[in-house]
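Notes follow once the structure below has been shown.
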Amino acid sequence: MTNTEPTREYPEVNTKTDDRQPDEPAWTDQAERRPRWRGLIWLAAIVVVLVAGGFALKAADLLPSWRNPFAQETTDRSQPPLLKSIQDLSRYVAAEGNFQVIVDKQTSRDNIPEFLLNERTLFVGVGSVEAYVDFGKIGEGAIVESADGKSVEVKLPAPQLGEVNLNTQDSYIFAEERGLANRLGDLIKRDPNQQQEVYQLAEDKIKAAAVDSGLQDRARANTKSMLEGMLKSLGYETVTITYTTP
């Protein structure tokens, strides 16, 4: 019987079991060589899917609207307006003047330096004044028609100037100087009437400017032109408009 030996071309198989533990250096090096980028790709893919789904739900208006818990809120607790009276007006506003005045108000004391006690305010006031004719004051017999009905005479009350409408939004304090004692006094208590006094001075100046501007003469001419056109359209050939002495 012939003994058969294994072919030497094949390597010898090692059947021994590796007794090394996973925490030994050989296991550790093998674990680090594993491709970690596969996990990162999966994570990025999940994030992209979630973001795309969120945009899709938002576009379809399927997501609930979350309220900001720290959002600023403004509550209006003002009382409803109270109607005190209604006044019927019969004024024909024939002209309006817009004015701008500069108020230079200074309050100081004699023999006291201005750096110690001084109040000076430079205020630019913007406002308007209306010139009107009150048709409600047309008395009996103020309208006289001729016998042939071709002419008419109307006697009107003289034009008047309305109250000054100070535009507080466009008006502003250009400059303000205050002494040391005045500043210390403001820290304790500031006079609320100071601004009101400046407003009143501005209104007085605007009213005086309206009187000198010829605004009433413009209202007189505009009212006459309006009535002549209206009455002639009614068939009157001659229209005479006069005004009473103010």
**OP:** Quick one: in the range 64-118, of everything that is open to solvent by less than 100 Å² (accessible area, probe 1.4 Å), among the β-branched types (Val, Ile, Thr) and farther than 30 Å from residue 135 by Cα, which residue is modelled with the lowest pLDDT?
**Re:** 112
Original post:
Among the numbered criteria (1) farther than 11 Å from residue 154 by Cβ; (2) more than 44 Å from the chain's Cα centre (by Cα); (3) not polar (S, T, N, Q), which single criterion is violated by residue 203?
Top reply: (2)
Subject >> In the range 222-240, the residues that are closer than 21 Å to residue 130 by Cα and either free of Cβ contacts under 8 Å to residues at least 60 places away in the same chain or of a type in the set (Val, Ile, Thr) (or both) >> reply: 223, 224, 225
**OP:** Quick one: in the range 130-156, of everything that is out of contact with any Phe, Trp or Tyr (no Cβ under 7 Å at 6 or more places or on another chain) and closer than 17 Å to residue 215 by Cβ, which residue is surrounded by the most Cβ atoms within 10 Å (Cβ to Cβ)?
**Re:** 131
Original post:
If you go through the range 202-219 one residue at a time, how many are over 12 Å from residue 162 (Cα atoms) and open to solvent by 70 Å² or more (accessible area, probe 1.4 Å)?
Top reply: 5
Original post:
In the range 131-158, what count of residues is obtained for those that are out of contact with any Ser or Thr (no Cβ under 7 Å at 6 or more places or on another chain), of a type outside the set (Val, Ile, Thr) and farther than 14 Å from residue 90 by Cβ?
Top reply: 8
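The values are calculated or read from the model by the stated rules, or taken from the named source; none is laboratory data. Model, not experiment: these values are computed from the prediction. Reconstructed Cβ throughout: ideal geometry from the backbone, glycine too, with neighbour counts over all protein chains shown. SASA here: full protein model, heavy atoms, side chains in, ligands and nucleic acids out. Shrake-Rupley method; radii C 1.70, N 1.55, O 1.52, S 1.80 Å.
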